[in-house]
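*Asks:* First the structure, which I've put down as structure tokens, then a few questions once you've had a look.
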Amino acid sequence: MKKTGIKIMAAALLAALLFAGCKKNDGNDKKEEGEVEALFAVNTYKTKAGNLDEYLEFGGDVAAVSSVAALPDMAGKISRTMVNVGQMVSKNQVLAYVDASRPGMDYSASPVKAPISGRVISFIPTIGTMVSQATVIAEIASTDELEIKVSVAERFISRISLGQTAVVTFDAYPGVEFKAKVFEVSPVLDKSSRTMSVKLKINPPDNRIKAGMYARVRLITESIKDAIVVPAGAIVTREGSPYLFVISSQKNGDTPAKVKLCAVEQGIVVDNKTEITKGLIAGDEIVVKGQNLLNDGASVNIVAVQE
């Protein structure tokens, strides 16, 4: 009888333990069923077709297209100056006089005349300066027509041709862009620097630009029209290939927006903008911030849409 009571108690204890274990498992199952799906905060960008210009960047100097040096007919001392820098002169106008007199020999002052009509862009001598027949007294130039001279490194010369367009900026006019066009390409390279001389004209001319100014030139080497362009940072690499996360469905009530991982092909990259040649169409909304944490089909909360 005593043994029978012990058996009954052991059976009851085992049943209680089994029942408690089942209740615990049921609780876990309910928790898994009610688990909240991860929601990622992202910024997006709506793609559109536009132009993308690939360019080379150079520095250059603005100069007059034509400038001529004025030289004296004889050596001597500058006795009079008749013009100043920046003054407009006509052909054969007297710029200065040179006195070639020496002790015991008196000569009439010899005039130095302007070889062409234009503006005096440099005027070196002062009264009393000794000059020779090789001394440049002044430079006369037509400042109505200016050019920009740049030197192109040998590795880039295959991408330079006549008629190419360029965007030019100057420190004097921050934020202002001027248009220019290549009108002369040197047929030879400088042996010492291994560079090729290229000249551009401002088109249309602008009287704000002065000879001697330093120009920053962006020479357009390739222009792609109606290109799908995205921020370069939006692209993610998976297994060595480029992908973009595209919004596949927008938020609908309590249902969050979803993303789709799309394989793409890239074209040229300019100023942190990448051309997408395949895998994307204009109007697609892509993730540009927060994409590195996503997987295909992930739920997202769109915080901001960038322009």
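The values are calculated or read from the model by the stated rules, or taken from the named source; none is laboratory data. Bear in mind that the values here come from a model prediction, so they are computed numbers and not experimental data. We place every Cβ from the backbone using ideal geometry, glycine too, and count neighbours over all the protein chains shown. With ligands, DNA and RNA removed, areas are computed over all heavy atoms of the protein, side chains included. Shrake-Rupley method; radii C 1.70, N 1.55, O 1.52, S 1.80 Å.
*Asks:* Can you give me the % of accessible surface on segment 210-307 that is carbon or sulfur? Probe 1.4 Å, all protein chains present, nothing else counted.
*Replies:* Carbon plus sulfur share of accessible area: 46 percent.
*Asks:* Counting each DSSP H run of 4 or more residues in the chain as -39500 (n - 2.57), what helix-only mean residue ellipticity at 222 nm follows after dividing by all residues, to the nearest 500 deg cm²/dmol?
*Replies:* -4000 deg cm²/dmol
*Asks:* Pairs of Cα atoms under 8 Å, at least six residues apart: use those to get the relative contact order of segment 172-226, whole percent.
*Replies:* 30 percent
*Asks:* Another one. Under a crude label model (7 Å from the Cα following the beta-carbon direction), how far is VAL136 from ASN203 in nanometres?
*Replies:* 2.8 nm
*Asks:* Apply the Karplus curve 6.51 cos²θ - 1.76 cosθ + 1.60, θ = phi - 60°, to the phi angles in segment 67-77 and return the couplings in whole Hz, x for Gly and Pro.
*Replies:* For segment 67-77, the Karplus-derived couplings read 9, 10, 7, 9, 10, x, 7, 8, 7, x, 10 Hz, x marking Gly and Pro.
*Asks:* Stretch ARG159-VAL303 to full length: gain in nm at 0.36 nm per residue minus the Cα-Cα span?
*Replies:* 47.6 nm
*Asks:* For segment 179-307, calculate the relative contact order in percent as a whole number, restricting contacts to Cα pairs under 8 Å that are 6 or more residues apart.
*Replies:* 20 percent.
*Asks:* Next question. Set the Förster radius R0 to 45 Å, insert the Cβ-Cβ distance between ALA232 and SER117 as r into 1/(1 + (r/R0)^6), and round the FRET efficiency to 0.05.
*Replies:* Once rounded, the FRET efficiency stands at 0.25.
*Asks:* Can I ask one more? Rolling a 1.4 angstrom probe over the protein heavy atoms, how many square angstrom per residue are accessible across segment 167-274?
*Replies:* 59 Å²
*Asks:* I've got another one for you. Please give the peptides 110-118, 150-158, 229-237 ranked by average Cβ packing (other Cβ atoms within 10 Å per residue), highest first, as a rough proxy for protection.
*Replies:* Final packing ranking: 110-118, 229-237, 150-158.
*Asks:* While we're on this one: Any idea how far the Cα center of segment 69-105 sits from the one of segment 256-286, in Å?
*Replies:* Result: 68 Å between the Cα centres.
*Asks:* How about segment 225-284: which GluC sites (Glu not before Pro) there are in a DSSP loop, with at most 14 other Cβ atoms within 10 Å of their Cβ?
*Replies:* Those that pass, being in a loop and sparsely packed, are GLU239.
*Asks:* Same structure, new question: How far, in nm, would the chain grow between LEU39 and SER223 when pulled straight, counting 0.36 nm per residue and subtracting the alpha carbon separation?
*Replies:* So the extension gain works out to 62.2 nm.
*Asks:* So I have (i) 21, 29, 21, 15, 8, 4, 2, 0, 0; (ii) 34, 55, 11, 0; (iii) 24, 35, 34, 7, 0, and one of them is P(r) over Cα pairs in 20 Å bins from 0, in percent calculated from this model. Which one is it?
*Replies:* The value matching this structure is (i).
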